[in-house]
Amino acid sequence: MSNFINDIGSMDTPYLIAEIGINHNGELNIAKKLIDATNACGWHCAKFQKRNPDVCVPEKQKNIMRETPWGYISYLDYKYKVEFEKREYDIINDYCKELGIHWFASPWDTDSVDFLAQYDIPALKVPSASLNDTELLSAMKKTSMPVILSTGMSTQKEVDEAINFFKGSNIALLHCVSTYPTPPEELNLNVIKTYKKKYPEIIIGYSGHETGLSTTYAAVALGAKIIERHITLDRSMWGTDHSASVEPHGLESLVSNIRDIELAMGDGIKNITPGEIPIREKLRRIQ
């Protein structure tokens, strides 16, 4: 799928990524229900996150105890509880192929890059937390797979450095703010316009963590060609990302309204529309 990013650029509507992340809570049946919702609502891709917890969890946090649905366990044990391995991803891979939708994931360490590279997926995604992790970026670049970069919690300098690192590669760039949920005053959606002007050769998108839908519509109107939103079966479910996620009915609303926005934006050329012609003939005294 080497032309994946170029294909997104030629689409009439934004490419829609339903970020499941770890909102499956370590249960394959929940993951399947979220994939079903992604497909039923007309989204293009179900996205996950892949980690080697031994590598990703800082040493000082590994033994911190916390309350979880599996009891009072260490943070490291919790991260393993919500981590899918090859058996689950083999099932996810086959399930998405059967439905005819894409899936891919954000690898958080080099082991996870190697893990994901064994699948025929369209892209890898750099998580915002890892935008300046050159070891991870190098491993992604070596796969020659298209890469989507999220830019939350980053300075403009760090964004420039990441783009330069992937120079010559097939990449897309997402504006993102990494607070969960993000209050409207922190969204700074005009960064989408900044990115489009600064990087005219790169596909620009938006990864949102806000609770509502209206600001995502604004991102589309500003020219985002990729939209990513976290999804959940129920925002009240246990877990850190559920409250900043969209439930299935929200996914459905996003699709229909995004398509209306794309149609409404038009080509920017001022002219008389077909519907205006009879009105003009009726109301204009001077034709």
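Read-outs throughout are calculated quantities, based only on the coordinates presented, and are distinct from any laboratory measurement. Predicted model, so just to flag it, every value in this text is computed and none were measured. Note: ideal-geometry Cβ built from the backbone for every residue, glycine included; neighbour counts use all protein chains shown.
Quick notes on this one:
- Rg/Rh for the range 101-193 (Cα atoms only, Rh after Kirkwood) is 0.98.
- Distance histogram in 10 Å bins (all Cα pairs of the range 154-287, percent per bin): 10, 32, 27, 17, 9, 4, 0
- FRET E, pair residue 134, residue 270, Förster distance 45 Å, beta-carbon r, rounded to 0.05: 0.40
- Between 247, 19, 201, the residue with the greatest mean-square fluctuation in the GNM of the chain (Cα pairs under 10 Å linked by springs) is 201.
- When each of 32/142; 157/193; 157/196; 33/86; 62/141 is checked by Cα-Cα distance, pairs over 24 Å: 32/142; 62/141
- Equivalent ellipsoid of the range 4-267: semi-axes from √(5λ) of the C-alpha gyration tensor, largest first, are 27, 22, 19 Å.
- All other residues whose Cβ lies under 15 angstrom from that of residue 15 are scored, Lys and Arg at +1 and Asp and Glu at -1, for a net of 0.
- Partners for residue 282 among lysines (Cα-Cα distance below 29 Å; same-chain residues under 8 apart left out): 270
- Fewest-first sequence of 284, 66 by Cβ atoms within 10 Å of each Cβ: 284, 66
- In the chain, helices alone account for a calculated mean residue ellipticity at 222 nm of -11500 deg cm²/dmol, with every DSSP H run of four or more residues adding -39,500 (n - 2.57).
- Ranked 70, 238, 103, criterion: other C-beta atoms within 10 Å, fewest first: 238, 70, 103
- Relative contact order for the chain: 19 percent, from Cα pairs under 8 Å spaced at least 6 residues apart, divided by residue count.
- Cβ-derived FRET efficiency at R0 25 Å, residue 40 paired with residue 66, nearest 0.05: 0.15
- Note, ³J(HN,Hα) from phi for the range 5-18, Karplus 6.51, -1.76, 1.60, rounded to Hz, x at Gly and Pro: 5, 4, 4, 4, x, 8, 6, 6, 10, x, 7, 9, 10, 8
- Prolate/oblate/rounded label for the range 67-149 (Cα gyration tensor, a/c 1.5): oblate
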